[in-house]
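See below for the structure under consideration.
The values are calculated or read from the model by the stated rules, or taken from the named source; none is laboratory data. Worth saying up front: this structure is predicted, and the values here are computed from it rather than measured. Cβ: placed from backbone, ideal geometry, glycine included. Neighbour counts: every protein chain shown.
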Amino acid sequence: MPSNKSVSDAPITQFVNCRILRGSRLQREDLWVRSGSILDPEKLFFDEQGYADDRVDCEGSIMAPGFIDVQINGGYGVDFSEASEDVSAGVSLVSKKILQHGVTSFCPTLVTSPAAVYHKVLPQVKVHDGGAHGAGVLGLHLEGPFISAEKKGAHPERFLRTFQAGGIDDLMAAYGSLDNVAMVTLAPELAGSQSVVRELCRRGVTVSLGHSVANLSQAEEAVDQGASFITHLFNAMLPFHHRDPGIVGLLTSDRVPSGRTVFYGMIADGIHTNPAALRIAHRAHPEGLVLVTDAIMAMGLPPGRRTLGQQVIEIQGLHAYVAGCSVEEALEAASLHPAQLLRLHHKGNLDYGSDADLVLLDDDLNLKATFISGEEVWKKAP
Amino acid sequence: MDPVPLGGLQEQTRAITMRLVILDDYDLASEWAAKYIRNRIIQFKPTAERCFTLGLPTGSTPYSCYQKLIEYYRSGDISFKYVKTFNMDEYVGLPRAHPESYHSYMWNNFFKHIDIDPANVHILDGNAEDLEAECQAYEDKIAEAGGIEMFVGGIGPDGHIAFNEPGSSLVSRTRVKTLAKDTIVANARFFGNDLSKVPSMALTVGVGTVMNAKEVVILITGAHKAFALYKAIEEGVNHMWTVSAFQQHPRTIFVCDEDATLELRVKTVKYFKGLMHVHNRLVDPELSIKDQ
């Protein structure tokens, strides 16, 4: 049957027999895609008198928005913080490989590095759409060097920096350029950091708090200036204390400006955070949970360990003990919430008009297929 | 004493009849209606050149009937490929994408689940620039399609058919109507019980338009419709109860559940219940396109 020509000649695909994640629920609905976007079938029917050209039978699978990883340092032997001559080849390799784990967009992350590394690496990584070649690059995540020495974690101490008189100028001197930078993690207790937070937010860069010994008040001040993320909650920050909850207190702070959400990344491998702590965070602030891998170059070697798909399953397994994190919530933590964090309204959801970045999963959340812009880019071997 | 035995479907399409079909409950009534619609479409053997034209209602009454028809499509027993539909009505001024518009109702509860050709679907446009022209065009489209083979409808608590409110002309055509208070109150439940949010006007086929159909099937279920059913069939033809007009239609079937008959005379109910074995010849056997 020909598709109707009144609006577009492009072929229309109808995914049938699936349970799609929409409105925070899994619903038995078909999903329609045209030209890489999710289509409103009712408008198609009444306005264009159009119908599907192809039907894809999802055999009852769960269909969720493609996963978005905002903290991934490399993988498969590639280290994004390494100043190689061909950084984009490394990014491409990882972007292709992570399709197998349902990640359709990501933020290549650099740990604390000397200025020379940033000046060499940053110009080679550009924001670009995903496709059959690999997941889309949403922009770089620069974790450090403006972080706390006491909470450096695995970051090299000699390259840590503070803000001198110039604030944002110091930052620009370190990084060279903010083009293609989606997010910066810094420690808000550093002198001069609050004006930097404000300026970064003004330029559209997401500011995250992490590797820090900030108290709650300093963290709240940063949120006031526009900070909206916490890098790997609990790790590399002061522990929750009942008289000063520190950065962790942002989850329930009443000083977060209304209408704004503070998101928090969790490495949900059961190792970085005790599952009980993960549950406390989730129960305190379920809408802010963002699943990240914080994967390093060793990821994928051996295959299957510490991958995002695994995280989601871990969440599922952990919450077998707990009422409160449903499959839908876990899926949203891996897709919707990171998209909201980065203010990407056309990603992380299956609303009409959104990008058709999709994953098909079975009931145990094992990945069956990955789609970017409606095109199948990975399929599990039978 | 048995009445003169009536034939099945073949007879139904030629004879002049008024049938009151009474089933025990809402589900059985919906199923009977769906089976009848299915049989009539299949027996008609619609083709691209000769479509089966079906008039359709909205509301809670026909919901289960639509569900059944979707089931029959899913099981491969019926196709809507050569069925042309004409809905009875639509609100004026409600955005088409509004969840309570009749476009949304038909899409969500019927069209999206079946293989109907969108070009064969007709619903009045309550947002047309020129509402009167829209109504006239609708009448023209019905005429072009060769008239309606079967018009399925419901009945309001005030006895109206479509939005032909009490006092409507019994020879009316498709037009703009202002809704009666009863209707607005009855529909408020779909608009959060806020009377101010219910549209006050609608486009509707006229009583005359439905009377032109070759056959009329009216679904009436629930105790709240009982008085209207009484007025429609046990009292005279009266424009205050517009469904009563169908007493003068050559082929009418009222499909009801027990509750809807609560205001009828025991005699009437017993008479028609006694005819169920005749009525059931219309739905048994259930035809299927698999057999064609």
Sole residue being more than 20 Å from the chain's Cα centre (by Cα) and farther than 17 Å from A:Phe146 by Cβ, chosen from A:Asp244, A:Asp269 | A:Asp244
Looking at the range B:161-178, is at least one residue crowded, with 23+ Cβ neighbours inside 10 Å, within 11 Å of chain A (Cβ to nearest Cβ) and part of a loop (DSSP other than H, G, I, E, B)?
-> no
Hey, can you tell me all the residues within the range B:105-121 that are aromatic (Phe, Trp, Tyr), out of contact with any helix residue (DSSP H, G or I) (no Cβ under 6 Å at 6 or more places or on another chain) and more than 9 Å from chain A (Cβ to nearest Cβ)?
-> B:Tyr105
Quick one: would you say A:Gln27 is assigned to a strand (DSSP E or B) and either closer than 30 Å to A:Ala330 by Cα or within 14 Å of chain B (Cβ to nearest Cβ) (or both)?
-> yes
Run down A:Val181, A:Val127 and say which single residue is surrounded by fewer than 17 Cβ atoms within 10 Å (Cβ to Cβ) and at pLDDT 95 or above.
-> A:Val127
Which numbered condition B:Ala97 misses (of (1) of a type in the set (A, V, I, L, M, F, W, C); (2) closer than 30 Å to B:Lys225 by Cα; (3) within 12 Å of another protein chain (Cβ to nearest Cβ); (4) surrounded by 22 or more Cβ atoms within 10 Å (Cβ to Cβ)) | (4)
Would a scan of the range B:41-49 turn up a residue that is buried (at least 23 other Cβ atoms within 10 Å of the Cβ), more than 26 Å from B:Asp259 (Cα to Cα) and either more than 14 Å from chain A (Cβ to nearest Cβ) or modelled with pLDDT of 95 or more (or both)?
-> yes
Test A:Gly210 against the stated conditions and say whether it is in contact with a His (Cβ under 7 Å, 6 or more places away or on another chain) and either surrounded by 24 or more Cβ atoms within 10 Å (Cβ to Cβ) or of a type in the set (A, V, I, L, M) (or both).
-> yes
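Hey, can you tell me all the residues within the range B:135-153 that are part of a helix (DSSP H, G or I) and of a type in the set (Asp, Glu)?
As a first pass, look at the range B:135-153 and keep what is part of a helix (DSSP H, G or I): B:135-144.
B:Glu139, B:Asp140, B:Glu144, listed by residue number.
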Residue satisfying all of: in the range B:122-141; surrounded by 22 or more Cβ atoms within 10 Å (Cβ to Cβ) and in contact with a Phe, Trp or Tyr (Cβ under 7 Å, 6 or more places away or on another chain); nearest to the other protein chains (Cβ to nearest Cβ) among these | B:Ile123
Restricting attention to the range A:31-49, report how many residues are within 14 Å of another protein chain (Cβ to nearest Cβ) and more than 21 Å from B:His98 (Cβ to Cβ).
-> 1
Do any helices (runs of 4 or more DSSP H) entirely within the range A:238-338 hold 1 or more residues that are modelled with pLDDT of 90 or more and within 27 Å of A:Leu350 (Cα to Cα), and if so, which?
-> A:275-284, A:327-334
Got at least one residue in the range A:42-54 being loosely packed, with under 14 Cβ neighbours inside 10 Å, within 18 Å of A:Glu376 (Cα to Cα) and over 26 Å from the mean Cα position of the chain (by Cα)?
-> yes
Determine if the range A:68-80 includes at least one residue that is surrounded by fewer than 14 Cβ atoms within 10 Å (Cβ to Cβ) and either within 14 Å of another protein chain (Cβ to nearest Cβ) or aliphatic (A, V, I, L, M) (or both).
-> no
For A:Glu85, the lone unmet condition from (1) within 14 Å of chain B (Cβ to nearest Cβ); (2) in a loop (DSSP other than H, G, I, E, B) is (1)
